[in-house]
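Quick notes on the structure that follows.
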Amino acid sequence: MDDQTLRDEEESLRQQIAQLSNQQKQYYYELETQRIKDPDTYAVLNYFFVTGLHHFYLGKNMQGAIDLIILALGILTIEYYGWVLIILISLYELPQLFRSQSIVHKYNNDMMRMTLAEVTHRPVF
């Protein structure tokens with residue numbers, strides 16, 4: 001998704017949130033605070049640690065585990081061309097570093113959509 005589409009989607013979600021009752025808004029923002037991720041943290045985890053920690057940060061545990069295993073195999077077999085695995089995983093992860101803002105923006109929009117659905121389907125007391 002391009003940046004403009006992500007911004008438009010976020011704006012649409014914000015408009016839907018504005019239509020919630022005060023009680024629903026309060027509950028929504030409590031949940032949102034727990035779920036929204038910081039793009040800079042994602043980028044730092046990707047930049048400094050090719051270990052897949054940035055995948056764990058967004059809850060993509062399987063992808064993070066695969067990255068960790070490949071990196072560990074590369075380190076353990078560094079004398080037997082393990083450096084090739086390290087280079088390959090680095091090349092695979094490099095584009096994600098440059099797209100980190102968009103990746104996290106999409107993730108946050110998805111979390112906003114999920115949280116909005118949860119709040120609107122919750123019984124009001």
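No value in this document is a laboratory result; all are computed from the given coordinates. It should be emphasised that the depicted structure is a prediction, and the values quoted were computed from it without experimental measurement. All Cβ positions, glycine included, derive from the backbone under ideal geometry; neighbour counts span all protein chains shown.
Based on alpha carbons, the Rg and Dmax found for the chain are 18.6, 64 Å. Give me the percent relative contact order of segment 3-119, please, defined on Cα pairs under 8 angstrom at least 6 residues apart. Reported as a whole number, the value is 35 percent.
Simple spin-label estimate for Tyr92 and Tyr29 gives 4.2 nm between the two label positions (7 Å along the Cα-to-Cβ direction from each Cα). Computed 3J(HN,Hα) for segment 103-113, one whole-Hz value per residue from the Karplus formula 6.51 cos²θ - 1.76 cosθ + 1.60 where θ = phi - 60°, is 4, 6, 4, 4, 4, 5, 4, 4, 5, 4, 4, glycine and proline marked x.
For the chain, adding -39500 (n - 2.57) for each run of n ≥ 4 DSSP H residues and dividing by the number of residues yields -25500 deg cm²/dmol at 222 nm. Farthest toward the positive end of the dipole of the chain, out of Gln63, Gln34, Gly82, is the Cα of Gln34, where the dipole comes from beta carbon charges about the Cα centre. Ranking Thr5, Gln96, Asn109 by Cα position along the charge dipole of segment 3-119, where only Lys, Arg, Asp and Glu carry charges on their C-beta atoms, puts Asn109 farthest toward the positive end.
In debye to the nearest 20, how big a dipole does segment 21-109 give about its Cα centre with +1 on each Lys and Arg Cβ and -1 on each Asp and Glu Cβ?
Details: 6 positive and 7 negative charges, 61 e Å.
Here the size comes out at about 300 debye.
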